[in-house]
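Values in this text are rule-based calculations from the coordinates and carry no lab data. All of these numbers come straight from a predicted model, not from anything done at the bench. A quick note on method: Cβ atoms are made from the backbone with ideal geometry, for glycine too, and the neighbour counts reach across all protein chains shown.
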Amino acid sequence: MAIQDFSQSLPMMLYQALDEILPKFRCIFNDYGLTEQQWRILRVLWEHKKIALGKLSEVTLIPSPSLVGIVDRLEKAELISRNRSKKDRRIIYISATQKGRDLEAEVMPRVLDTYNQIREPFSQDEWNQLIGSLKKISVTDK
């Protein structure tokens, strides 16, 4: 089987999609002084009361060495807090502070509006198929 035209290759199509989508979200994050990585961390914390640092790295796709610095900055901004497990002192839990949780109410309506704009050209079936296809690509044997 011949390799597809470069512009139609899967990596290039994914990069093009990201180049179209991410700036819309980055604009929102910038308005709140957040980086994309900080946003990912807060987004996870808004769904979980607390999460272990190692699991946070896995879920956000941010390598542990990078994650520590990002967590430091979010903690300095008083958006998150760190607490050691009382059962296993090696485990550090991260949670959103009240200030971090309050930010959710400000940011999420704008994020949801952006999601709706992105989804608008798709039928529900098309969207489900897209999400399903991306999941098939991203699932690996770990």
Choose one answer from 20, 126, 75: the residue with the largest mean-square fluctuation in a GNM of the chain with alpha-carbon springs under 10 Å. 126
Return the calculated 222 nm mean residue ellipticity for the chain, to the nearest 500 deg cm²/dmol, obtained by summing -39500 (n - 2.57) across DSSP H runs with n ≥ 4 and dividing by the residue count. -21500 deg cm²/dmol
For the chain, what is the number of Lys pairs with C-alpha distance below 18 angstrom, counting only pairs 8 or more positions apart or on separate chains? 11
Please give the length that would be gained between residue 101 and residue 21 if that part of the chain were fully extended, namely 0.36 nm times their separation in residues minus their C-alpha to C-alpha distance (nm, one decimal). 26.3 nm
Under a plain spin-label model, where a point goes 7 Å from the Cα along Cα-to-Cβ, how far apart in nm are residue 73 and residue 134? 2.4
Which value, in debye to the nearest 20, gives the size of the charge dipole of the chain about its Cα centre, when Lys and Arg are +1 and Asp and Glu are -1 at the Cβ? 1100
Figure the gain on full extension for residue 89 and residue 120 (residue separation times 0.36 nm, minus the Cα-Cα span) and round it to one decimal in nm. 6.4 nm
Please report, largest first and rounded to whole Å, the three semi-axes of the ellipsoid equivalent to the chain, where each semi-axis is the square root of five times an eigenvalue of the C-alpha gyration tensor. 31, 20, 14
Going by how many other Cβ atoms sit within 10 Å of their own, how do 19, 102 line up, fewest first? 19, 102
For a footprinting-style exposure proxy, rank 89, 43 by other Cβ within 10 Å, fewest first. 89, 43
